[in-house]
Amino acid sequence: MTLKPPPDRLYGRVRGHKLRPRQEWLLAEFLPTFSWPAQKFEFTPRELWLEVGFGGGEHAEALAVQNPEIGLIAAEVFENGICSLLSRLAPDETATPVPPRNLRLFTDDARPLLRELDEAALGKLFLMFPDPWPKSRHAKRRFVHPELLAEAARALRPGGEWRIASDDPTYQQWTDEVLAGQKLFAITSRTLTRPEGWPPTRYEAKAIAAGRQPIYWSLTRR
């Protein structure tokens, strides 16, 4: 498989519909209180986890609530998705919102962030329903990419887990092909049913409602 290297350039939308005043306030005032890397964790997490492209934030929010002893960095560039998460974390407009203790948001491209992490810094990595970039000429934009696999392996500790989910047939086939050509990760499971302990996402629900079958991969860093 001969591929162009993944470019350090953002593709896709950063903003969708016009933000409401409350959303603008959340981005300007609430987000900076737990934005990575300006705001570090105020405790020593048992493990550091990273979610790439958190979408509407349901998955990241559930992970943070269910695992209070870990530190989760959740990355997303789409402002409407970021605002969706911020709005759930700060639903009361009359109260001063308190940022989650173990969740930090990164609102830029996750690939440079991954490279900047120390070797074996992560215990888990999450890629839930990424943009499939279905055209073959856009393959270099996909996060599951031979070169990025090496970066993910460097950042994950031995025995660390990488979870991937996709409902797109092109991305599913692509992921199988990329994983078949590497030796950095063992495929612990590949299933059509969301495994226990994997929080659901709105994208998963939309895919299933539309008749698309998700695939869930669990990889272990060798």
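The values are calculated or read from the model by the stated rules, or taken from the named source; none is laboratory data. Computed from a predicted structure; not experimentally measured. Every residue, glycine among them, receives a Cβ derived from its backbone with ideal geometry; neighbour counts consider all protein chains shown. Protein only, heavy atoms only, side chains kept; ligands, DNA and RNA dropped before computing areas. Shrake-Rupley method; radii C 1.70, N 1.55, O 1.52, S 1.80 Å.
Given the criteria in a helix (DSSP H, G or I) and modelled with pLDDT of 95 or more, does Arg154 qualify? It is true that Arg154 is in a helix (DSSP H, G or I) and modelled with pLDDT of 95 or more. Screening the candidates Tyr203, Tyr171 for the property of being among the hydroxyl-bearing types (Ser, Thr, Tyr), under 18 Å from the mean Cα position of the chain (by Cα) and open to solvent by 70 Å² or more (accessible area, probe 1.4 Å) yields one hit, Tyr203.
Take Leu85 and tell me if it is of a type in the set (A, V, I, L, M, F, W, C), surrounded by 15 or more Cβ atoms within 10 Å (Cβ to Cβ) and in contact with a Phe, Trp or Tyr (Cβ under 9 Å, 6 or more places away or on another chain). When the stated conditions are applied, Leu85 passes them.
Once segment 204-222 is narrowed to residues that are touching a strand residue (DSSP E or B) at 6+ places or on another chain (Cβ under 8 Å) and not polar (S, T, N, Q), the residue that is farthest from Gly181 (Cα to Cα) is Glu204. When Ala153, Ala95 are checked against the criterion of being among the aliphatic types (A, V, I, L, M), surrounded by fewer than 12 Cβ atoms within 10 Å (Cβ to Cβ) and either under 14 Å from Ser218 (Cα atoms) or without any contact (Cβ under 8 Å) to a residue 40 or more places away in the chain (or both), a single residue qualifies: Ala95.
With respect to the conditions (1) farther than 17 Å from Ala60 by Cα; (2) in contact (Cβ under 8 Å) with a residue 24 or more places away in the chain, Cys83 lacks only one, and its number is (1). Within segment 28-50, restricting attention to residues that are of a type outside the set (A, V, I, L, M) and assigned to a strand (DSSP E or B), the residue that is nearest to the chain's Cα centre (by Cα) is Trp49. Within segment 98-121, restricting attention to residues that are among the aliphatic types (A, V, I, L, M) and open to solvent by 30 Å² or more (accessible area, probe 1.4 Å), the residue that is farthest from Phe34 (Cα to Cα) is Ala120. Would you check which residues across segment 42-66 are polar (S, T, N, Q) and either free of Cβ contacts under 8 Å to residues at least 24 places away in the same chain or closer than 22 Å to Ala152 by Cα (or both) and list them? Residue satisfying the conditions is Thr44 alone. Being over 19 Å from Pro200 (Cα atoms) and either at pLDDT below 95 or buried (at least 22 other Cβ atoms within 10 Å of the Cβ) (or both) is the filter here, so list the residues in segment 49-76 that pass it. Residue satisfying the conditions is Gly71 alone.
Going by the conditions given, is Lys206 basic (Lys, Arg) and part of a helix (DSSP H, G or I)? Considered against the rule, which asks whether it is basic (Lys, Arg) and part of a helix (DSSP H, G or I), Lys206 comes out as yes. In this structure, Phe129 qualifies as touching a strand residue (DSSP E or B) at 6+ places or on another chain (Cβ under 9 Å), under 24 Å from Ser189 (Cβ atoms) and open to solvent by less than 40 Å² (accessible area, probe 1.4 Å). Under the condition of being within 21 Å of Gly53 (Cβ to Cβ), in contact with a helix residue (DSSP H, G or I) (Cβ under 7 Å, 6 or more places away or on another chain) and either of a type outside the set (D, E, K, R) or part of a loop (DSSP other than H, G, I, E, B) (or both), the residues counted in segment 90-117 number 9. Can we say Arg163 is part of a strand (DSSP E or B) and open to solvent by 20 Å² or more (accessible area, probe 1.4 Å)? Yes; evaluated as a whole, the condition is true for this residue.
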